[in-house]
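Quick notes on the structure that follows.
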Amino acid sequence: MNAWQQRSGATMMRTFGRPLALLVRGEGARVWDADGVEYLDFLAGIAVNALGHAHPVFVEAIARQAATLAHVSNYFATPPQLELAERLTRLAATGSGGRVFFGNSGAEANEAAFKLARLNGGTARPRILALTDSFHGRTIGSLALTGKAHMREPFEPLPGGVEHIDSTLEALETAIDESVAALFVEPIKGEAGVLPLPEGYLKGARELTERHGALLVVDEIQTGAGRTGEWFGFQHADIRPDAITVAKGIGGGVPIGALVTFGRASELFTVGQHGSTFGGNPLATATANAVLGEIESAGLVRNAVERGAQLRDIVRGYASPHIEGVRGQGLLLGIALTEPRAQELAAAALANGLIVNAANESTIRIAPPLIIGEVELAEFERRFARALACLDHGTQTESDR
Ligand SMILES: *Cc1c(COP(=O)(O)O)cnc(C)c1O
């Protein structure tokens, strides 16, 4: 173990595994470690660095806003905050305006959505539905929504009323009635292994929730900001949810999250019912405006569609016995393996200068920055091929690291 690993082991909370490298610098889709080793970053901080690293638009926005006004409090409005709220509701394009509550992370956005659900019917609607295997965050409320028992169980009892159901319309039809306040869904379950919802699910879920007076809350934390080839994942299904939660990519690297509501859901919160000290501060919102503005003006949503299709072709082109297929949309892709060797393959990729991650034991997740072009794709193709070859030779395993 070298010095930084020792420091990390001695002082960091044991919530994460041993860090894979000590990263010191990034540019575009590349990062460098303290020894000067370069990596192609096809994880982008887990779908966060939409513009890659150190993008001049991102850098300039932070620097300019820090030199102008970084933080006030929610007793005051600031121009960047208003602009971002308007921008998010415009990009959601539900035709019904909307309202925004700003927080600082995905979990906080879902906490706000959880409270919103409680306000829909109060004690007359004690039930909230969420999906098996879903991921909505690690704070107590968002964890209650999360459909992974091994994450929830050590922290029980959790806030009551949440039930996890299978991701089928039949399961929803059986579970839903007038006692349900809300249904929470991810358009693609990123943390579960990049698992899309069944065809027609969102449309059917919209009908069923509407019929029973339940809110449809779409967690767009991983799928938002253009990643799937639309601004938000729900837009592929052509529905209007009651609320979406966003975070990750909208800030391009600054901590930010938001709950965005539409229609009657915008009337539920009243003064004093929720708050956040940092939420919506000018530093974070100015940066998010710049990031989303650049995604828009540089046509990066379109780029996600085109590069995503090319990446699928690359993966299919390997004709590797280790690869079963590829799932997902745009630049949120899951490479399904024929064996549970995703950890080993991700480690081999890293050893070959490529950052990807094992979303589950048999799926590699790739979520590169939205700015990638031909050069990055060609580099990915070479490095991932080398990683795949390591699986045959067994040259790189997790225990070697
Ligand atoms: C990452 C993620 C969250 C949690 O976001 P944090 O910023 O880590 O709190 C919630 N939902 C989904 C779908 C996510 O991908």
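General observations
- The chain, relative contact order [Cα under 8 Å, separation at least 6], %: 21
- Neighbour-limited loop hits for GluC sites (Glu not before Pro), region 318-367 (at most 15 other Cβ within 10 Å; DSSP other than H, G, I, E, B): Glu361
- With eigenvalues of the C-alpha gyration tensor scaled by 5 and rooted, region 290-401, Å: 26, 14, 12
- Each Cα pair under 8 Å and six or more residues apart adds its sequence gap; the mean of these over the residue count of region 258-364 is a relative contact order of 16 percent.
- Bridges between two residues of region 206-281, per DSSP, are antiparallel at a rate of about 50%.
- GNM top mover of Arg206, Arg382, Arg341 - the chain, alpha-carbon springs below 10 Å: Arg382
- Backbone amide hydrogens, once placed in the peptide plane, bring Asp219 within less than 5 Å of Val185, Glu186, Thr245, excluding anything fewer than 5 places away on its chain.
- Sequence ranges 284-290, 167-173, ranked by mean other-Cβ count within 10 angstrom, highest first: 284-290, 167-173
- DSSP-loop trypsin sites (Lys or Arg not before Pro) across region 13-97, with at most 12 other Cβ within 10 angstrom: Arg14
- Nearest 10 degrees, 0 to 90: helix 300-317 Cα axis against the chain principal axis: 50
- Projecting label points 7 angstrom from Cα along Cα→Cβ for Glu153 and Arg90 puts them 4.9 nm apart.
- Nonlocal amide H pairs with Glu27, under 5 Å, H built at 1.01 Å: His53
- For region 132-253, the relative contact order works out to 20 percent when only alpha carbon pairs closer than 8 Å and six or more residues apart are counted.
- Global geometry of region 147-262, whether rounded, prolate or oblate, following the gyration tensor of its Cα atoms and the 1.5 cut on a/c: oblate
- Sorted largest first, the principal axis extents computed over the alpha-carbon atoms of the chain equal 60, 53, 44 Å.
- For Val326, neighbours were defined as the other residues whose beta-carbon sits under 13 Å from its Cβ, and their charges (Lys and Arg +1, Asp and Glu -1) total +2.
- Rounded to 10°, Cα long-axis angle of helix 374-393 versus longest principal axis of the chain: 70
- For region 277-291 and region 22-59, distance of Cα centres in Å: 21
- Residue-wise HN-Hα couplings along region 4-10, as the Karplus relation 6.51 cos²θ - 1.76 cosθ + 1.60 with θ = phi - 60° gives them from phi, are 5, 5, 5, 4, 4, x, 7 Hz; Gly and Pro carry x.
- DSSP beta bridge pairing in the chain, given as percent antiparallel to the nearest 5: 65
- Cut-off under 5 Å, modelled amide H: who pairs with Ile165 long-range: Ala130, Leu131, Thr132
- Rounded tilt (10° steps) of 201-212 against the dominant C-alpha axis of the chain: 20
- Gaussian network model of the chain, Cα within-10 Å springs - most flexible of Lys203, Lys189, Lys248: Lys203
- Pairwise centroid distance, computed over Cα atoms, of region 342-374 with region 85-162, Å: 28
Bear in mind that the values in this text are calculations on the coordinates, not laboratory data. It should be emphasised that the depicted structure is a prediction, and the values quoted were computed from it without experimental measurement. Here the Cβ is made from the backbone with ideal geometry for all residues, glycine too, and neighbour counts use every protein chain on show.
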